[in-house]
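Asks: Handing you a structure now.
The values are calculated or read from the model by the stated rules, or taken from the named source; none is laboratory data. As the structure is a prediction and not an experimental result, all values here were calculated from the model. Cβ atoms come from the backbone with ideal geometry, glycine included; neighbour counts cover every protein chain shown. All accessible areas refer to the heavy atoms of the entire protein, side chains included, with ligands and DNA or RNA removed. Shrake-Rupley method; radii C 1.70, N 1.55, O 1.52, S 1.80 Å.
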Amino acid sequence: SSANATRVQALHQLINQLNHQYYDLDEPSVPDAEYDRLMRELISIETAEPALRLLDSPSQKVGGQALKSFSQVTHQVPMLSLDNVFSADEWQAFAKRVKDRLLSKSTIKYCAEPKLDGLAVSLRYENGFLVQAATRGDGAVGENITVNVRTIKSIPLKLTGDNYPDILEVRGEVFMPKASFNALNASALKKGEKTFANPRNAAAGSLRQLDSKVAAKRNLAFYVYGIGYVEQASSQTLGEQWLENSHYQRLCQLKLLGLPMCPEVKLLSDASEVASFYQYIMQERDNLSYEIDGTVFKVDDIALQKKLGFVARAPRWATAYKFPAQEETTQ
Ligand SMILES: NC(=O)n1nc(-c2ccco2)nc1N
């Protein structure tokens, strides 16, 4: 009924505002009982009239029916895993290979990011709505964990504004903040339930819950760190930021769409700043609200990434041994 449709809109606004007050400002403005009453009213209208249950309804954040198993998702753009370096020398060797491969004379800008110790996931937004979330899996095929990811408070069910492509896949890390991890283990101990060894296991265990109501209570968080598949109708015009040839600028664009971005991410003007960023993050590590296991440095220029990406995809086990270039025969 139109009365229900109007009421649903009012409840969306009210509950979203209360969520903002509670989760972002940490200053709840109504007692939990009042919040629960509003949520129950919204869920009952949506149950009575499923057409009124919108993809970005706040009711979707509290989880729904438990699943029996997760379906599989094939990543249109494979989810890469990262090679590691463990010393300044190994870093130098990496940076040298990059420079040599790019035959570049100019300095190469790097985007520096803390390496979050959680679970890599891919989020798929269609017309701005979160329609699918999947684990990395083996990089090509992952598990469909959409119902659990939708309960993560910092992940928008609907992107902000309209400056986004028809289809946008983003990659990022789902993690459990240290405080949530300590609280979860403390309460598990009290209830004689199993505790988790570390926040990474706790995040993985929470995302693998077949009952999304359990996942909804795990206070998981998310930071975006990359882009996967993008598709846009040629007619649609996107803001210039989407055409930016900079990984860092694209992350900032994703932040404008409502996707959380790690506040420590920094654009370095050249490789000489890498060591100081690495030292800075190492000394800050214990003060961060989330666990990390290092730092990540990415060539910021997208065009250069594509070039390097090509070489990286070449088999490491084979090489062509070519004859010297022949003089062009003049016909
Ligand atoms: N774990 C983490 O924080 N990651 N992981 C990547 C990544 C993985 C593949 C490409 O980029 N980037 C960041 N910040």
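Asks: For residue 225, enumerate residues with amide H under 5 Å from its amide H, sequence gap 5+ or separate chain, H modeled in the peptide plane.
Replies: Excluding prolines and chain starts, which carry no amide H, the hits are 171, 172, 173.
Asks: Among the trypsin sites (Lys or Arg not before Pro) within the stretch 91-129, which fall in a DSSP loop and have no more than 10 other Cβ atoms within 10 Å of their own Cβ?
Replies: Sparse-neighbourhood loop trypsin sites (Lys or Arg not before Pro): 105.
Asks: Over 20 Å apart: what share of the alpha carbon pairs of the stretch 114-251 falls there, rounded to a whole percent?
Replies: 49
Asks: Residue by residue through the stretch 76-90, what is 3J(HN,Hα) from phi via Karplus (6.51 cos²θ - 1.76 cosθ + 1.60, θ = phi - 60°)? Round to whole Hz and write x for glycine and proline.
Replies: Result, rounded to whole Hz: 5, 10, x, 8, 6, 9, 9, 6, 10, 10, 10, 8, 4, 4, 5.
Asks: Still on this structure: Shape of the chain from its Cα gyration tensor (a ≥ b ≥ c, root eigenvalues): rounded if a/c is under 1.5, otherwise prolate when a/b > b/c, or oblate?
Replies: Here the chain falls in the prolate category.
Asks: Then there is this: Over 20 Å between Cα atoms: which of 153/178; 99/298; 68/158; 96/307; 68/213 fall into that group?
Replies: In this structure, 68/158 lie more than 20 Å apart at Cα.
Asks: Report the chymotrypsin sites (Phe, Trp or Tyr not before Pro) located in the stretch 70-124 that are in a DSSP loop and have at most 16 other Cβ atoms inside 10 Å of their Cβ, or state none.
Replies: Answer by residue number: 86.
Asks: Can you list residues whose amide H is under 5 Å from residue 115's amide H, if they're 5+ apart or on another chain and H is modeled 1.01 Å from N?
Replies: Those lying under 5 Å, H to H, from residue 115 are 293, 294, 295, 296.
Asks: Right, next: Could you run the Karplus curve 6.51 cos²θ - 1.76 cosθ + 1.60 with θ = phi - 60° over the stretch 49-64 and give me ³J(HN,Hα) per residue in whole Hz, x for Gly and Pro?
Replies: Once θ is set to phi - 60°, the couplings for the stretch 49-64 become 10, x, 4, 8, 8, 7, 4, 9, 5, x, 5, 6, 8, 9, x, x Hz.
Asks: Considering only protein heavy atoms, what per residue accessible area in square angstrom results for the chain with a 1.4 angstrom probe?
Replies: 58
Asks: Can you compute 3J(HN,Hα) from phi for each residue in the stretch 24-39, using the Karplus curve 6.51 cos²θ - 1.76 cosθ + 1.60 with θ = phi - 60°, rounded to whole Hz and x for Gly and Pro?
Replies: 8, 8, 6, 9, x, 9, 9, x, 3, 4, 5, 4, 4, 5, 4, 5
Asks: Which of the aspartates and glutamates could a cross-linker span from residue 61 if the Cα-Cα distance has to be under 19 Å and same-chain partners fewer than 8 positions apart are dropped?
Replies: Filter leaves 24, 26, 32, 34, 36, 41, 46, 49, 126, 173, 211.
Asks: Using only Cα atoms, locate the centre of the stretch 155-206 and the centre of the stretch 5-54, then give the distance between them in Å, rounded to an integer.
Replies: Using only Cα atoms to place each centre, the spacing works out to 22 Å.
Asks: So if we plug the beta-carbon distance of residue 233 and residue 56 into 1/(1 + (r/R0)^6) with R0 = 25 Å, what FRET efficiency do we get, rounded to 0.05?
Replies: Once the sixth-power term is evaluated, E becomes 0.70.
Asks: Tell me the GluC sites (Glu not before Pro) within the stretch 173-246 that lie in a loop according to DSSP and have at most 10 other beta-carbon atoms within 10 Å.
Replies: 193
Asks: What does the charge count around residue 223 come to, taking other residues whose C-beta lies under 9 Å from its C-beta (Lys +1, Arg +1, Asp -1, Glu -1)?
Replies: In short, -2.
Asks: For a test of the definition: using alpha carbon positions, the gyration tensor, and the 1.5 limit on a/c, classify the stretch 195-291 as rounded, prolate or oblate.
Replies: Verdict is oblate for the stretch 195-291.
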